[in-house]
Amino acid sequence: MDGQWFPEPRRSVAFIGSECYPFVKTGGLGDVMYALPKALVAQNCDVKVILPKYRCIPWEYQEKMVYRGSFQMDLCADGRSFFVGIMEYVWDGVVYDFIENDEFFGYGNPYTNLIDDLPRFCFFSKAALAALNYMNWVPDVIHCHDWQAALVPVYLRTMFDQTPLAHAKTMLTIHNLRFQGIYDVRTIRYWTGLPDYVFNKDALLQNWVDANLFKGGLTYANMITTVSGTYAGEIQTAYYGEGLDAHLRYHSGKLRGIINGIDYGMWNPATDNKLAAPYDITNVLQRKPANKHALQEELGLAQDDHMFVIGLISRLTNQKGLDLVNAILPELMDGHTQIVVLGTGDAEYENAFRTYESWYRGSVCSSIMYDEGRAHRIYAGADALLVPSQFEPCGLTQLIAMHYGTIPIVRETGGLKDTVEPFNTITGWGNGFTFDHYDAGLLLDAINRAKTHYFTNRWCWDEMVQRDMDKDVSWENSAIQYRALYMELTQ
Ligand code: ADP
Ligand code: GLC
């Protein structure tokens, strides 16, 4: 760090969330929890990331963790208490503290079902604060992520109000408003042990029978952010608000949108050792075909450089616009197009894509699995990447695609709208192909426009490939904006 310029003054931040690459990742939250702390370290922030110590964390990381201490913590309304262990791992200037408790995290995946997940994330939110007090570390800002950490601001302003930690300000980031942690009041009151007054309609109470953890967190947080400017506006409307639009409109004075980036170390086609032929902007046009060829070979597709290869890398849920894809997929099969799907999720979509693979063997390949390496090879080997989401808070796959010179085809919603400038046939400018309404015909039209362009105007397509690789999708700008918000909170 010698000689490096840092903005002054220094700020300390505790990140609290339920997943973080490379320890555990199910989607974009895992990427953000890894990349944003690193980018903040470069902005003169001192960052600790607090995570559950899931059993599924690879052993190579578990064995490097160092014991920081342990204690018993009261949790439930009847005074039932639980063991809290703290295991620490320091990497790239970021300190990772893992909360250990075998009853809650000693099995399976990070998310199972709501009835099991609710107690474990109530425990996690309280234990994260208790661990900070135990370690005697009072950060300037406690930055919480999604419903799993939404109780942190609530605990801080109630049961931790008389502790040193109460000096910290809180920020709650919405990565996905669809999941809120809603359950009946009795159960949540029991597990959280929170005082009765937080179960009122302006905070945790959702209706007369349910409590909503996210809603409570939004009330008590000093600042709310979400992962794009467009989504920040959308969630204040009934269509995207998931029942919390009025609540968010009420709190809109403290709501901001900051777009995500991608980590250029994790996603770099020039140094990516998972690729058949790594490349950069100067040789992408020569080397991308080799990656396409290797991908076709890996997936058992017809090996033909002239095919238009469309990738889709996604959790297979209705958020991702898969109903539109299913409705039009047969119409894409013109003998010049190949479709490559990578994802896991709802059985209806998994089965639909398996069926398409069997119908169009050699042209469609559905990898119903989670595979980091394959994801990298699809980003590099495909010509275009499809993201037709019904809603998309930010979306990282379109950013990674652009950085790998793969043209995004997206619906104009949330972060997709903020990051993909539609191709303009008159100026020849733009980053990808877009459509606005959630309509299968419009998706088909956007794909056909991309295809036509690819087959009839390759020179212009290639220019877009290079323009996309050149686009700044790094975390730097966004980290500067987060830092500015931390400063605003702690003036
Ligand atoms: P979301 O968080 O809604 O799932 P994002 O676009 O923000 O969507 O992030 C998805 C992340 O997960 C990206 O890094 C993407 O490459 C990765 N990903 C999604 N599905 C798979 C999969 N089946 N195998 C490997 N990586 C995947
Ligand atoms: C959520 C959203 C996605 C976003 C990611 C990281 O999972 O669905 O759009 O990119 O969080 O913020």
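The values are calculated or read from the model by the stated rules, or taken from the named source; none is laboratory data. Since the model is a prediction, treat every value here as computed from it, not as a measurement. A quick note on method: Cβ atoms are made from the backbone with ideal geometry, for glycine too, and the neighbour counts reach across all protein chains shown. Heavy atoms of the whole protein, side chains included, go into the accessibility calculation; ligands, DNA and RNA do not. Shrake-Rupley method; radii C 1.70, N 1.55, O 1.52, S 1.80 Å.
Away from ligand 2 (no atom under 13 Å from the Cβ), in contact with a Gly (Cβ under 7 Å, 6 or more places away or on another chain) and touching a residue at least 60 places away in the same chain (Cβ under 8 Å) - does that describe any residue in segment 228-245?
We begin by selecting, within segment 228-245, every residue away from ligand 2 (no atom under 13 Å from the Cβ); these are 229, 233, 236-239, 241, 243-245.
Pick out the ones that are also in contact with a Gly (Cβ under 7 Å, 6 or more places away or on another chain) and you get 229.
Subset that is touching a residue at least 60 places away in the same chain (Cβ under 8 Å): 229.
Scanning segment 228-245 turns up at least one residue that is away from ligand 2 (no atom under 13 Å from the Cβ), in contact with a Gly (Cβ under 7 Å, 6 or more places away or on another chain) and touching a residue at least 60 places away in the same chain (Cβ under 8 Å).
Whether any residue in segment 422-441 is more than 16 Å from ligand 2 (Cβ to nearest atom), assigned to a helix (DSSP H, G or I) and either modelled with pLDDT of 95 or more or assigned by TED's automatic domain parsing to the domain that holds Y231 (or both) is what I want to check.
yes
Can you name the residue in segment 129-165 that is open to solvent by less than 30 Å² (accessible area, probe 1.4 Å) and touching a Phe, Trp or Tyr at 6+ places or on another chain (Cβ under 6 Å) and, of all such residues, is farthest from Y34 (Cα to Cα)?
That would be V154.
Can you confirm whether segment 36-53 contains a residue that is outside any loop (DSSP other than H, G, I, E, B) and over 23 Å from the mean Cα position of the chain (by Cα)? Give the steps one after another, and end with the answer.
Taking segment 36-53 first, the residues outside any loop (DSSP other than H, G, I, E, B) are 36-41, 45-52.
Filter once more, so that each one left must be over 23 Å from the mean Cα position of the chain (by Cα): none.
Within segment 36-53, none of the residues are outside any loop (DSSP other than H, G, I, E, B) and over 23 Å from the mean Cα position of the chain (by Cα).
Would you point out the residue of segment 282-333, among those that are surrounded by fewer than 21 Cβ atoms within 10 Å (Cβ to Cβ) and of a type in the set (D, E, K, R), that is nearest to ligand 1 (Cβ to nearest atom)?
Filtering first and then ranking leaves R315.
Is it the case, given these coordinates, that D371 is away from ligand 2 (no atom under 15 Å from the Cβ), of a type in the set (D, E, K, R) and more than 20 Å from D31 (Cα to Cα)?
No: the conditions fail for D371.
The conditions are (1) in contact with a helix residue (DSSP H, G or I) (Cβ under 8 Å, 6 or more places away or on another chain); (2) farther than 30 Å from E234 by Cβ, and F121 fails exactly one of them. Which is it?
Condition not satisfied by F121: (2).
What about A380, is it under 20 Å from K292 (Cα atoms), within 16 Å of ligand 2 (Cβ to nearest atom) and assigned to a helix (DSSP H, G or I)? Steps first, please.
Working: under 20 Å from K292 (Cα atoms): yes; within 16 Å of ligand 2 (Cβ to nearest atom): no; assigned to a helix (DSSP H, G or I): yes.
Against the criterion (under 20 Å from K292 (Cα atoms), within 16 Å of ligand 2 (Cβ to nearest atom) and assigned to a helix (DSSP H, G or I)), A380 does not qualify.
Any idea which of V198, V185, V209 is open to solvent by less than 10 Å² (accessible area, probe 1.4 Å) and farther than 30 Å from D436 by Cβ?
V198
Taking segment 353-363 as the search range and keeping residues that are within 16 Å of ligand 1 (Cβ to nearest atom) and surrounded by 19 or more Cβ atoms within 10 Å (Cβ to Cβ), which one is nearest to the chain's Cα centre (by Cα)?
Taking the candidates together, the pick is F353.
Any chance you could count how many residues in segment 393-417 are within 11 Å of ligand 2 (Cβ to nearest atom) and open to solvent by 10 Å² or more (accessible area, probe 1.4 Å)?
The qualifying residues number 3.
Return the residues of segment 364-390 that are surrounded by fewer than 24 Cβ atoms within 10 Å (Cβ to Cβ) and within 10 Å of ligand 1 (Cβ to nearest atom); say none if nothing qualifies.
Result: S367, I368, M369, Y370, D371, E372, G373, R374, A375, H376.
Is it true that G343 is within 16 Å of the chain's Cα centre (by Cα) and either open to solvent by less than 10 Å² (accessible area, probe 1.4 Å) or of a type outside the set (K, R) (or both)?
Numbers: within 16 Å of the chain's Cα centre (by Cα): yes; either open to solvent by less than 10 Å² (accessible area, probe 1.4 Å) or of a type outside the set (K, R) (or both): yes.
Here the answer is yes, as G343 does meet what is asked.
Tell me which residues, restricted to segment 70-84, are modelled with pLDDT of 95 or more and surrounded by fewer than 19 Cβ atoms within 10 Å (Cβ to Cβ).
The answer is S70, F71, Q72, M73, D74, C76, A77, D78, R80, S81, F82, F83.
Counting residues that are β-branched (V, I, T), which strands (runs of 3 or more DSSP E) fully inside segment 168-239 reach at least 3? Before you say what the answer is, go through the steps one by one.
Values: elements: 169-174, 182-184, 210-212, 223-226.
So the answer is 169-174, 223-226.
Of all residues in segment 343-358, which are under 13 Å from I313 (Cα atoms) and among the hydrophobic types (A, V, I, L, M, F, W, C)?
Scanning segment 343-358 gives a single hit, F353.
Among the residues of segment 278-310, how many are closer than 26 Å to E463 by Cβ, small (G, A, S) and touching a residue at least 60 places away in the same chain (Cβ under 8 Å)?
Residues in segment 278-310 being closer than 26 Å to E463 by Cβ, small (G, A, S) and touching a residue at least 60 places away in the same chain (Cβ under 8 Å): 1 in total.
Does G415 satisfy being closer than 19 Å to W267 by Cβ and in a loop (DSSP other than H, G, I, E, B)?
Working: closer than 19 Å to W267 by Cβ: yes; in a loop (DSSP other than H, G, I, E, B): no.
Here the answer is no, as G415 does not meet what is asked.
Kindly evaluate D280 against the criterion of being closer than 30 Å to P37 by Cα and either in a loop (DSSP other than H, G, I, E, B) or assigned by TED's automatic domain parsing to the domain that holds F391 (or both).
yes
Restricted to segment 290-324, and to residues that are out of contact with any strand residue (DSSP E or B) (no Cβ under 9 Å at 6 or more places or on another chain) and among the hydrophobic types (A, V, I, L, M, F, W, C), which residue is farthest from ligand 2 (Cβ to nearest atom)?
Among them, the one singled out is A290.
Just give me the residues in segment 134-173 being farther than 10 Å from A221 by Cα and among the basic types (K, R), in sequence order.
none
Could you check how many residues of segment 427-463 are free of Cβ contacts under 8 Å to residues at least 60 places away in the same chain and either open to solvent by 60 Å² or more (accessible area, probe 1.4 Å) or not small (G, A, S) (or both)?
Residues in segment 427-463 being free of Cβ contacts under 8 Å to residues at least 60 places away in the same chain and either open to solvent by 60 Å² or more (accessible area, probe 1.4 Å) or not small (G, A, S) (or both): 21 in total.
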